[in-house]
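Participant: Below is a structure I'd like to ask you about.
The values are calculated or read from the model by the stated rules, or taken from the named source; none is laboratory data. Keep in mind the model is a prediction, meaning the values are calculated, not measured. In this analysis, Cβ positions are derived from the backbone assuming ideal geometry, glycine residues included, and neighbour counts consider all displayed protein chains.
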Amino acid sequence: MTDLISQMEENDWLFRRMVRRFVKERDKISIEDIALPGFLILRTIQQSGLQKLGDLAEQLDLTSGAITALCDKLEAKGFAERRRMQGDRRNVWLDITEEGRQVLERYPNLGQRGVKLLFGGFTEDELACQKEIFEKIYANLESFSEDYMALIKEYEQQEKPAVRKPAAPNKNFLNY
């Protein structure tokens with residue numbers, strides 16, 4: 001059982017390390033002075049048409065603050081424009097401009113080629129296995145914070161043990 005727990009802790013550490021590395025690397029990418037997520041916004045609008053900012057945030061897994069900052073930059077560059085519809089002034093929509101379409105045309109298949117850089121070295125079976133694992137992790141995250149907070153409450157409701165010397169930490173892994 002201890003080996004299984006150690007393996008889970010190592011996988012947890014590697015997963016968090018991978019996510020941090022991905023975000024760090026992604027944030028270094030700029031296309032004509034637009035961050036990669038901004039480029040993804042343009043591509044989404046090009047493919048699906050006019051988009052609500054909230055829907056874009058949800059679809060691209062970005063915060064509303066990040067969407068606002070990216071839209072500011074896209075508008076400043078002339079690649080996109082915000083719109084409000086008559087009768088529904090609360091929702092803000094984003095549309096691509098002709099300049100935005102032209103910037104996308106200058107970088108055809110960029111998304112596909114980028115995905116290949118990340119996953120191109122894997123076999124079809126390995127990709128299928130990854131997909132299954134990612135789906136399981138995503139499902140486990142569904143109520144992760146609530147379940148974790150329930151664990152904390154369990155500890156808080158237990159009788160407080162006498163203070164003892166903590167065990168040595170396990171390698172470099174963060175134990176919650």
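Participant: Would you point out which residue out of Gly100, Gly111, Gly78, Gly54 is on the phi > 0 side of the Ramachandran plot and either outside any loop (DSSP other than H, G, I, E, B) or in contact (Cβ under 8 Å) with a residue 12 or more places away in the chain (or both)?
Facilitator: Gly78
Participant: Where residues in the range 62-75 are of a type in the set (A, V, I, L, M), touching a residue at least 24 places away in the same chain (Cβ under 8 Å) and over 18 Å from Leu110 (Cβ atoms), which of them is surrounded by the fewest Cβ atoms within 10 Å (Cβ to Cβ)? Show your work before the answer.
Facilitator: Kept after step one, since they are of a type in the set (A, V, I, L, M), are these residues of the range 62-75: 62, 66-67, 69-70, 74.
Now narrow it down to the ones that are touching a residue at least 24 places away in the same chain (Cβ under 8 Å): 62, 66-67, 70, 74.
Remaining after also requiring over 18 Å from Leu110 (Cβ atoms): 62, 66-67.
Values: Leu62: 18, Ala66: 15, Ile67: 23.
It comes out as Ala66.
Participant: Can you run down the residue pairs with Cβ atoms below 8 Å, 6 or more apart or on separate chains, where the first is in the range 133-146 and within 14 Å of Asp12 (Cβ to Cβ) and the partner is assigned to a helix (DSSP H, G or I) and not β-branched (Val, Ile, Thr)?
Facilitator: Ile137/Phe15
Participant: Answer yes or no as to whether Lys116 is farther than 25 Å from Asp12 by Cβ and modelled with pLDDT of 95 or more.
Facilitator: Answer is yes for this residue.
Participant: Of these, Gln51, Gln59, Gln86, which one is surrounded by 15 or more Cβ atoms within 10 Å (Cβ to Cβ) and at pLDDT below 95?
Facilitator: From the options Gln51, Gln59, Gln86, the qualifying one is Gln51.
Participant: Still on this model: Can you go through Ile41, Ile31 and tell me which one is within 23 Å of Asn109 (Cα to Cα), in contact (Cβ under 8 Å) with a residue 24 or more places away in the chain and over 17 Å from the mean Cα position of the chain (by Cα)?
Facilitator: Ile31
Participant: Additional query: What tally of residues in the range 114-156 results from selecting those that are within 22 Å of Arg16 (Cβ to Cβ), assigned to a helix (DSSP H, G or I) and charged (D, E, K, R)?
Facilitator: 7
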